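Reviewing the structure listed below.
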Amino acid sequence: MTLKTYAVKLGAPSGVERTVTVPSPTDVQAADAARPLMRENEVILSVAQLEDEAVSDALTLDAAPPKSQAAEFAPVTPGHAAAQRPTASTENGHG
């Protein structure tokens, strides 16, 4: 998947707003990339993809691309291949 650049607007109850710029394949994952940058009590107000004309080599990104869902869950759920297989038993009549 191709990475795009997103502007994620963050806001606090005090009315203070700020925008962080993150790379991401999708707008939903852009919110995930911005989450570690959020301060206490901040919420995501909007996520907008920047047009190619607005993205230049001089643009500084505030975060790394987000991990994929598979990468996030890999340490916890290594997948079906690593799952314990039930053993057959003659005691239950199904072995």
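Just so it is clear, none of the values below were taken in a lab; they were calculated from the coordinates. Since the model is a prediction, treat every value here as computed from it, not as a measurement. Because the Cβ atoms are built from the backbone with ideal geometry, glycine has one as well, and the counts that use them run over all protein chains shown.
Can you give the convex hull volume of the alpha carbon atoms of the range 1-43 per residue, in Å³?
Cα convex hull per residue, to the nearest whole number: 54 Å³.
Can you work out the Karplus-derived ³J(HN,Hα) for every residue in the range 35-41? Use 6.51 cos²θ - 1.76 cosθ + 1.60 with θ = phi - 60°, whole Hz, and x for glycine or proline.
Going residue by residue, I get 3, x, 8, 6, 8, 4, 6 Hz, with x marking Gly and Pro.
State, to one decimal in nm, how far the label point of Arg18 lies from the label point of Asp62, with both points 7 Å from Cα in the Cβ direction.
It is 0.7 nm.
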